[in-house]
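Heads up, the thing below is written out as C-alpha cells.
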Amino acid sequence: MSANSPVSSPAALRNMQEFMEGIWERNPVFVMVLGMCPTMAVTVSAMNSISMGLATTFVLAASCWLVSVMRHMIPKEVRIATYIVIIATFVTVVEYAIQAISLEMSEALGAYIELIVANCLVLGRAEAHAAKNPPMPAMLNATGMGLGFTVGLTMIGGVREILGNGTLLGISLFGPNFQPWVVMVLPPGGFFVMGSWLLLFAIYRARKDRNNAALAAQGASHGA
Amino acid sequence: MSATVEIRPAPHIKGPRSVEKIMLHVVYSLLPVCAFYIFQYGISALAMMLVAVAACLLTERWFITTGTQSGRLGDFSATITGLLLALTLPPGFPLWMGFVAGTIAIVLGKAIFGGIGHNIFNPALVGRAFAQAAFPTAIATYTPSFLPGRFTEFIPSSLAWPLMTPPDAALWLKEKHLDALAGATPLAKWKFEGILANAQDLLMSLSGHMAVGPSPLLILLCGAYLAFRRYMDWRIPTAILGSAAAVAWTLYAVNPGHYPSPFFMLFSGGLILGAVYMATDMVTSPVTPRGMWIYGALIGLLTVVIRYYGGLPEGVMYAILIGNAATPLIEQISQPTPFGKGGIGKPKRRGASYPLNPSYISREEAAAVTPKRQFLKNKPKRDSGSMS
Amino acid sequence: MSTETLAAPQVTPTATLLRVLGIVSAVCGLIIVGSYEITLPAANANRRIALERAVFKVVPTAKSIVEYYALPAGGIEQAKGGGEAPASVAKFYAAYDDAGKLTGIAAEAGAKGYADIVRIMFGYDTACQCITGIGVVSMKETPGIGDKILIDKDFQANFKALDVKLTDDLSALVNEVKTVKHGTKTNPWQIDAIAGATVTSRAVGKGINDAAQFLLPKLAPNLEKLKVKS
C-alpha cells in the first residue's frame, strides 16, 4: 500500500520512514530485543498479545509526543525523572482504561500493564528519539515502534495460542479433539517460540547476506 | 597439474577409532535392547522407533544442508538419538508426538549448539523433556507389555492424528477385558499407590503385563560389551548406580516402611538405561576420570532425591540433564595433577588454571624472564637483500 | 539544535528545575485524575458484573446480591458501599431471588495450590447446610492438570451437596471437609480428588474447610437477619 501511494513531499517521505522504522527494520522484539519482560509473560494468547501491544503503543505514542512537546523546557539535569513521570502517567491512564473496557483483560495482563513503565523500549524511545525531534515525527516513530512491538508480541502469542490451546483469537482451529501442548502456555514456551522466531530470522538474514554477496561478486566480475 | 597437497594440523597418524565407528558400535549394542523392546510391545514400539529415528535424521539433514550445523548423517549420532528417545517414551505414545519430540531433540538439543560434539545436553533427553513438558498426560500413559495380538494390532493411541488427543488407552484395555492389568509403571505405582513390584519381574521384565521399559538386565549386558570394547567409560554407570544404591540404601535403613529397597530403586524405571546409554554420552560427560566419578555420583543422588521428593515418579531424565549442565564445572575442579607435581608431602594442585610460565616444564624455564616482544621500527625490506 | 547543545553545559538554576518539575507533575496529575474520573463508573460497573456473574454461577437461583462482612468477634454487618474490606473480616454475599427472599450464600475461599493460591467462590445452601457449587475466582495451576478442577465432571459432582453441618452449639463443623484420594469418597463431607491433580484438589478442600470453619459459626445465628433483602 505504502509503495503505491505517491509520496508528495520529502517531509511525507521522512514521516513514512520514521513510521516504518519500528515495524520492520528495527523491530523492538526481533531486532532490538527490547522489553522482554512482557514479551515472555503475557504472550500466552494472541488477544493478550494484541492488548499488551496496543497498550504499549498508546503509552509510547502519548509519552513521546508529550516529551517532544516539552523538550525545550525540560532541563537536562532532571530529564530522566521527568520522562519517567510522564510515562508513568500514561501507564496509569492505560490501566484505568483497560479496567473500564474489560476486567478480564485487566486480570489476564495483571501487573504487566503497570510494568510498561519499566519497559526499556518506552524510556529508550523518549530519550533517544522524542527528546531530539519535533512532536509529529516523534509520535509517528513511537507509534511505528509500538505497532512493531504489537506485531512481534502477536507473532509469539499466536503461535503459543495455536499450539497451547488449539485456538487463534479464541476461534477453535482444530476441533474439540485437539491435544494442547501444555508447555506452550507455560513460561518455557515463550522462550521456545521467541527463540524459534529469532532462529528463522537469523537463517533468513544469513541467506539474504549470502545472496547479496554472491550478487555483488557477480556484478563486480561483470563490471571488470 | 601436480598432485594435491593436503595441509592439515596434527595428529597425522590416527587410531582406528573414529566417531563413526564408536557411534556404529553403540547402535549395534542397542539393537538387542530394541529387539527385545519390540518383542515386549509389538509393532507400536517398532513404529515409534522408526518415526523417532526418521524425525531425528530429517531434522539433522535439514540443518546440515542449511549449513547451520556441522557433522553428517553417516556418523549415526542422530540414529542413536532417535533410538534412545523411542526407548524412553511409552510404547503407546502417539507417533506424531514422537516425531515432534525427535525434531525438538535435534533442534534444541544439538543443532542450535552447532551439531555433533558441540551440544551441552544429551539430545534424546532434551526431546524427552520437551515431550514431558508438552504432553504430560500422554507420556504418563503406559500400556502393559506382552499383550496378545501386539504384533498385528497397533495400540490405538499410537495412531492418533497429528495434533489430536490420543484415544483413551484405559478404554481400549477395557474393551479387550484387560483392564485388570497394570497400566502404570512400577515407579508410578509405588509413588501414587504404594505397591512394590517383585524383584524378578523388574530384572527381566519378562513375566508379562508389566508396564516397564526395556529389560534392565539386557541393557547391562549390552553396556558391558561397550565398556569392554572401550567405547564407553565404565566409571560413569558404576558411579551412578553405586551412588543411587547407596543413597537409597541409607534411606531404606532409616525407614524401611516408607522407602523402598535399593534394589527397587535401581531396577525400576529408566535408571539403568539412563546410566548406561545416556549419561555416558561422550560429548556431555566429563573427560577426567575423577570428574566421571563426581558426575555419576551427582546423577545417582539427584535421581533418588527427585524420585522420592519430587512431583514426578521418574527422576533420571532431569538428573542426567542437571549432570550435563554441571559437566564443565566438574571438569574444572577435577583436573588431574600433572606428572611430577603430586607425590608425598607436596600439596596437590587442583583446578584448571595454568600459569603463564608453567613451572612444571622445567625449573630453569620457570625462573626465566619472558622476553619482551621487539618491534622493529624500520622493517628491513626483502628485496634489499639485507636479510641474514 | 546548535544553540541547545551550546546551552547544555550551563548549570540550570534551582528555581527553574523546581518550576519545570512542578509544571510536569501538575500536568501529569491532571491527566491521571481526569482519566480516573472518566473511567471509574465503567470500571465499577465491570467489577459488579464480574462479581454477580461469579455468585450467580454458584447460586443459580439468585437474581441480586448484597455484600456482608462476618466479623471475627461474631456477628455480621452489611458492607458499606465502596472501599476495601478490612483484613480481619470475611466477606460473603447473600443472594436473593426475584421476590427478595434469601436463596443462598456465596463466599470466597482460598488455599495454597501447586503454583499459587487457588481462590474459589462457593455457594452455601442454608436449608440443607451444604455447599452447592464452586467456581474458580483465580488460580495459576498447571494448564491441563490443575485446571481440571473446573471441567472434571466427577470432581464438580462433589459439590452438588457437600456436607458442612454445624455442631449443635454452632461453634464448628461436625465433620471437617477433607479431600480424599481419588475413588475413596464415602461420606458427604469428603471431596474425591482428581487423579493426577491431587495438590489442587486438596487446596480446594482446605480452602472450603477454612472458610466454612470461620464463616458459618458467625453466619448461622444471624440467618434471620438475612432472610429478607434489606
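Starting from the Cα gyration tensor of segment A:68-224, take the square roots of the eigenvalues, sort them a ≥ b ≥ c, and report rounded, prolate or oblate (rounded when a/c is under 1.5, otherwise prolate if a/b is larger than b/c, else oblate). Don't jump to the answer; show the numbers that get you there.
Numbers: a/c = 2.78, a/b = 1.05, b/c = 2.64.
Verdict is oblate for segment A:68-224.
Based on Cβ point charges of +1 for Lys and Arg and -1 for Asp and Glu, what charge dipole magnitude is obtained for segment B:17-166 about its Cα centre, in debye rounded to the nearest 20?
200 debye
Test of understanding: in a Gaussian network model of chain A with alpha carbons linked when under 10 Å, which of A:S63, A:S45, A:S102 would top the mean-square fluctuation ranking?
A:S102
When DSSP beta bridges are limited to those with both residues in chain C, what percentage is antiparallel, rounded to the nearest 5? Before the final figure, lay out the partial values.
Details: 34 of 37 bridges.
So the antiparallel bridges amount to about 90 percent of the total.
Tell me the relative contact order for segment C:45-226 as a rounded percent, counting alpha carbon contacts under 8 Å between residues six or more apart. Mind dumping the intermediate values first?
Numbers: 378 pairs, mean separation 34.9, N = 182.
Reported as a whole number, the value is 19 percent.
Please work out the C-alpha center-to-center distance from segment A:52-118 to segment A:137-181 and express it in whole Å.
Using only Cα atoms, the two centres lie 22 Å from each other.
Using a Förster distance of 60 Å, how high is the FRET efficiency between A:F191 and C:A99, based on the Cβ-Cβ distance and rounded to 0.05?
Efficiency, from the Cβ-Cβ distance: 0.60.
Starting from the Cα of C:V136, step 7 Å along the direction of its Cβ; do the same at C:L40; then give the gap between the two resulting points in nm.
Once both label points are built, they end up 3.5 nm from each other.
May I ask you to compute the full-extension gain from C:I23 to C:R119, defined as 0.36 nm times their residue separation minus their alpha-carbon distance, rounded to one decimal in nm?
Working: separation 96, 0.36 × 96 = 34.56 nm, distance 4.40 nm.
Length difference between fully extended and current span is 30.2 nm.
Calculate the mean, over all residues of peptide A:157-164, of how many other protein chain Cβ atoms lie within 10 angstrom of the residue's Cβ.
Per-residue shielding by partner chains comes out at 1.
In whole Hz, with x marking every Gly and Pro, tabulate ³J(HN,Hα) for segment B:83-92 from phi via Karplus 6.51 cos²θ - 1.76 cosθ + 1.60, θ = phi - 60°.
Along segment B:83-92, the couplings run 5, 5, 4, 4, 5, 8, 8, x, x, x Hz.
Using the structure shown, list the pairs from C:K57/C:K181; C:K91/C:K218; C:K57/C:K218; C:K160/C:K225; C:K178/C:K218; C:K57/C:K160 with a Cα-Cα distance above 18 Å, or answer none.
Beyond 18 Å: C:K57/C:K181; C:K57/C:K218; C:K160/C:K225; C:K178/C:K218.
Suppose every Lys and Arg Cβ carries +1 and every Asp and Glu Cβ carries -1, with no other charges. What dipole size does chain A come out with about its Cα centre, to the nearest 20 debye?
In debye, rounded to 20, chain A gives about 700.
Residue by residue through segment B:245-260, what is 3J(HN,Hα) from phi via Karplus (6.51 cos²θ - 1.76 cosθ + 1.60, θ = phi - 60°)? Round to whole Hz and write x for glycine and proline.
Each residue of segment B:245-260 in turn: 5, 5, 5, 4, 5, 4, 5, 5, 5, 6, 8, x, x, 9, 10, x Hz.
Show the residues, 5+ positions off or on another chain, whose built amide H is closer than 5 Å to the amide H of C:L166.
C:V174
To the nearest 20 debye, what is the magnitude of the charge dipole of segment C:122-200 about its Cα centre, counting +1 on the Cβ of each Lys and Arg and -1 on the Cβ of each Asp and Glu?
Charge dipole, segment C:122-200, about its Cα centre: 240 debye, nearest 20.
Between C:N222 and A:N212, what's the calculated FRET efficiency when r is the beta-carbon distance and R0 is 60 Å? Round to 0.05.
Working: r = 80 Å, r/R0 = 1.34.
The formula returns an efficiency of 0.15 here.
Could you list C:V136, C:V33, B:V33 in order of exposure, starting from the residue whose Cβ has the fewest other Cβ atoms within 10 Å?
Taking fewest neighbouring Cβ atoms as first place, the list is C:V33, C:V136, B:V33.
Pick from C:A15, C:A54, C:A106: which is most flexible by mean-square fluctuation in a GNM of chain C where alpha carbon atoms under 10 Å apart are linked?
C:A15
PRE reach from B:V287 (point 7 Å along Cα→Cβ): which of segment B:62-105 fall under 17 Å by backbone N?
none
At 0.36 nm per residue, minus the direct Cα-Cα distance, what do C:F214 and C:E77 gain on full extension? Give it in nm, one decimal, please.
47.8 nm
In straight Cα distance, which aspartates and glutamates are under 16 Å from C:K101, not counting same-chain residues fewer than 8 positions off?
Straight-distance partners of C:K101: C:E67, C:D125, C:E224.
Return B:E175, A:E95, A:E107 ranked ascending by Cβ neighbour count within 10 Å, so the fewest neighbours appear first.
Starting with the residue having the fewest Cβ neighbours, the order is B:E175, A:E107, A:E95.
If r is the Cβ-Cβ distance from C:T167 to C:K57 and R0 is 25 Å, what FRET efficiency results, to the nearest 0.05?
After rounding to 0.05, the efficiency reads 0.25.
The numbers here are math on the coordinates, done by the rules we state, and not lab data. This one's a predicted model, so the numbers in the text were calculated from it and none came from an experiment. Counting neighbours? That spans all protein chains shown, and the Cβs are built from the backbone with ideal geometry, glycine included.
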